[in-house]
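Report on one structure; see the data block that follows.
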Amino acid sequence: AQKVTQAQTEISVVEKEDVTLDCVYETRDTTYYLFWYKQPPSGELVFLIRRNSFDEQNEISGRYSWNFQKSTSSFNFTITASQVVDSAVYFCALRRDDKIIFGKGTRLHILP
Amino acid sequence: DVKVTQSSRYLVKRTGEKVFLECVQDMDHENMFWYRQDPGLGLRLIYFSYDVKMKEKGDIPEGYSVSREKKERFSLILESASTNQTSMYLCASSLWASGALGEQYFGPGTRLTVT
């Protein structure tokens, strides 16, 4: 079965703290793609990153970084020095055939 | 700037009504998708389409149908709305290219309430 699990339903941290959002996936495919999306309070999901299964190099984009580990089937997302604008629901997703499976999301609250 | 628009942000309908949710994208994308989002359940795929007049069932197609007569427009139809279809509906589009499939661009969503 192909599946994405985001065990953290909701997280609250104080501004400027670092926070890591966990994502664990299951797939039998040898080639697959993983994604992260952000859904701010406005409601519109925004694509953040795509990773294919052959590229285990970690990615950094400003305060955002992603740690992809095939050995543990995880694709975790870290926000460094969090800001109030980072408050949103974050979804991890996995490509399955011609569809995308989304995790249930982690709601992140950044407290001022 | 890429754009996916949905016809309404909020909609209130009565049980048994026929409901049309419209989605338009201006990026010339081949793929279009309809999801519903419910608390604790995340996003669930209702239907998707690879091309004009083509449609494929997603994970929860029951009670819904779709129409894609033009490349830029993908409509979701609730033939006879029921209260359990009260939800946030999200439309998305993406390029056909294999790796790009997951880079979906989403509309702002339509919050549908069926009373």
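Please treat every number below as a calculation from the coordinates, not as lab data. Predicted model, so just to flag it, every value in this text is computed and none were measured. Every residue, glycine as well, gets a Cβ built from its backbone with ideal geometry; the counts of neighbours run over all protein chains shown.
Taking the Cα centre of the protein assembly as shown as origin and assigning +1 to Lys and Arg Cβ atoms and -1 to Asp and Glu Cβ atoms, the resulting dipole is close to 540 debye. By definition, a body whose alpha carbon gyration tensor gives a ≥ b ≥ c is oblate when a/c is 1.5 or more and a/b is not larger than b/c, and the stretch A:36-103 fits this oblate description. If I model the protein assembly as shown as equal point scatterers sitting on the Cα atoms and use the Debye formula, what is log10 I(q)/I(0) at q = 0.15 Å⁻¹? Scattering profile of the protein assembly as shown, log10 relative to I(0): -1.00.
Go ahead and set up a Gaussian network model of chain B, Cα springs under 10 Å, then flag whichever of B:TYR50, B:TYR35, B:TYR89 fluctuates most. Most flexible of the set in this elastic network: B:TYR50.
Applying 1/(1 + (r/R0)^6) with r as the Cβ-Cβ distance of B:ILE60 and A:GLU17 and R0 = 35 angstrom yields a FRET efficiency of 0.40. Convex hull volume of the Cα atoms of the stretch A:1-79, normalised per residue: 115 Å³. Shape descriptor for chain B: Rg over Rh equals 0.95 (Cα atoms; Rh from the Kirkwood inverse mean 1/r).
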